[in-house]
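**Student:** Following this message is one structure expressed as structure tokens.
The values are calculated or read from the model by the stated rules, or taken from the named source; none is laboratory data. Fair warning: this is a prediction, and the values are worked out from it, not measured in the lab. Every residue, glycine as well, gets a Cβ built from its backbone with ideal geometry; the counts of neighbours run over all protein chains shown.
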Amino acid sequence: MYRSGLVSTIICIFALAASSSAHATTWEIDPVHTSVQFSVRHMTISNVRGEFTKVSGKVLSEGTDPGRVKIEATIDASTIDTRETKRDKHLKSADFLDVEHYPTITFKSKKVEPAASGKWKLSGDLTIRGVTKEVILDVEGPSEEVKDPKGNIRIGAHATATINRKDFGLKWNRLLEAGGVLVGDDVAITIDVEAIKQAGPGPAAGSS
């Protein structure tokens, strides 16, 4: 009887452990404190900077294993802002983002690898204008967990990447009389993310 009870107890402990490891912590991206900015060369002599003002998404983490982190983010392409109305209208048109047919830009992570102390290589699928390409982000963080005045637990991270816009079908350009082109091909991206820990466990970070 004693042996049977001991076996049952051990089985229950392993079942609870398995249940615990099958869940992840969910962090919701805080759009108010998250920015997605970009920079593109203009006429080969300067840089034009802009941002997308509406982004949402979540981060699923499991313990301290970065390999178990899963990130999904969505950007409202129509919120592009370069501080020039006519230019923004052109960027939203079929020449560039074509927001009428492709209203969102999405990112889904695939793998996280250590690069240095506190730095990571985050690879994932970036979809712009219906075209999906794998990109690698250089990530610094995450920060230590911090409790805000309302009692929410927050973390932050910083990421950068460079993509070629033509890879995503954004091919419009104009030749300059003096040589060169109006718009550069490379787009430098800078992301600052702040996320809020959600109550209760989420699905396993490695699950779909």
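**Student:** Sort through D125, D138 and tell me the only one that's under 16 Å from Q37 (Cα atoms) and of a type in the set (D, E, K, R).
**Tutor:** Details: D125 fails: under 16 Å from Q37 (Cα atoms).
Answer to the check: D138.
**Student:** Residues that are charged (D, E, K, R): which strands (runs of 3 or more DSSP E) entirely in segment 26-137 hold 2 or more of them?
**Tutor:** Numbers: elements: 35-42, 46-52, 55-61, 70-76, 104-116, 119-128.
Correct list: 46-52, 70-76, 104-116, 119-128.
**Student:** Out of the residues in segment 90-110 meeting the condition of being hydrophobic (A, V, I, L, M, F, W, C) and under 17 Å from the mean Cα position of the chain (by Cα), tell me which one is nearest to P142 (Cα to Cα). Full working, then the answer.
**Tutor:** Within segment 90-110, the first condition is being hydrophobic (A, V, I, L, M, F, W, C), and the residues that meet it are 91, 94, 96-97, 99, 105, 107.
Then drop every residue that is not under 17 Å from the mean Cα position of the chain (by Cα), which leaves 105, 107.
Working: I105: 23, F107: 18 Å.
For segment 90-110, the residue satisfying everything is F107.
**Student:** Which one of these is surrounded by 15 or more Cβ atoms within 10 Å (Cβ to Cβ), modelled with pLDDT of 50 or more, over 27 Å from T132 (Cα atoms) and within 21 Å of the chain's Cα centre (by Cα): T64, T25, T34?
**Tutor:** Values: T64 fails: surrounded by 15 or more Cβ atoms within 10 Å (Cβ to Cβ); T34 fails: over 27 Å from T132 (Cα atoms).
Just a single option satisfies the conditions, and that option is T25.
**Student:** Next question. Counting only residues that are exposed (fewer than 14 other Cβ atoms within 10 Å of the Cβ) and within 23 Å of the chain's Cα centre (by Cα), which one in segment 172-202 is nearest to D98 (Cα to Cα)?
**Tutor:** D186
**Student:** When the residues of segment 140-171 are narrowed to those that are of a type in the set (K, R) and part of a strand (DSSP E or B), which ends up surrounded by the most Cβ atoms within 10 Å (Cβ to Cβ)? Even if it seems obvious, please write down each step before you answer.
**Tutor:** Step one: list which residues in segment 140-171 are of a type in the set (K, R), which gives 147, 150, 154, 165-166, 171.
The next check asks that each one be part of a strand (DSSP E or B); those that pass are 147, 154.
Working: K147: 10, R154: 17.
Top of the filtered list is R154.
**Student:** Another question, then. Which of the residues spanning segment 172-208 are touching a helix residue (DSSP H, G or I) at 6+ places or on another chain (Cβ under 7 Å), within 20 Å of A94 (Cβ to Cβ) and either modelled with pLDDT under 95 or part of a helix (DSSP H, G or I) (or both)?
**Tutor:** Of segment 172-208, the ones touching a helix residue (DSSP H, G or I) at 6+ places or on another chain (Cβ under 7 Å) are 185, 187, 194, 205-206.
So of that shortlist, the ones also within 20 Å of A94 (Cβ to Cβ) come out as 185, 187.
Correct list: D185 only.
**Student:** I'd like to check something: does segment 52-59 contain any residue that is within 30 Å of D88 (Cβ to Cβ), surrounded by fewer than 10 Cβ atoms within 10 Å (Cβ to Cβ), of a type outside the set (S, T, Y) and modelled with pLDDT under 95?
**Tutor:** For segment 52-59, residues within 30 Å of D88 (Cβ to Cβ), surrounded by fewer than 10 Cβ atoms within 10 Å (Cβ to Cβ), of a type outside the set (S, T, Y) and modelled with pLDDT under 95: absent.
**Student:** Which condition number does E113 fail, the rest of (1) within 15 Å of the chain's Cα centre (by Cα); (2) within 17 Å of V59 (Cβ to Cβ) being met?
**Tutor:** Every condition holds for E113 apart from (1).
**Student:** Let me ask you something else. Here are T79, T85: which of them is among the β-branched types (V, I, T), loosely packed, with under 14 Cβ neighbours inside 10 Å and either touching a Phe, Trp or Tyr at 6+ places or on another chain (Cβ under 9 Å) or under 26 Å from L182 (Cα atoms) (or both)? First the steps, then the outcome.
**Tutor:** Working: T79 fails: loosely packed, with under 14 Cβ neighbours inside 10 Å.
Only one candidate passes the filter, namely T85.
**Student:** With touching a helix residue (DSSP H, G or I) at 6+ places or on another chain (Cβ under 7 Å), under 18 Å from W27 (Cα atoms) and charged (D, E, K, R) as the only criterion, which of K54, K147 stands out?
**Tutor:** Working: K147 fails: touching a helix residue (DSSP H, G or I) at 6+ places or on another chain (Cβ under 7 Å).
Only one candidate qualifies: K54.
**Student:** Quick check on M1: is it closer than 30 Å to A178 by Cα and either of a type outside the set (V, I, T) or modelled with pLDDT of 95 or more (or both)?
**Tutor:** Values: closer than 30 Å to A178 by Cα: no; either of a type outside the set (V, I, T) or modelled with pLDDT of 95 or more (or both): yes.
So M1 fails the test.
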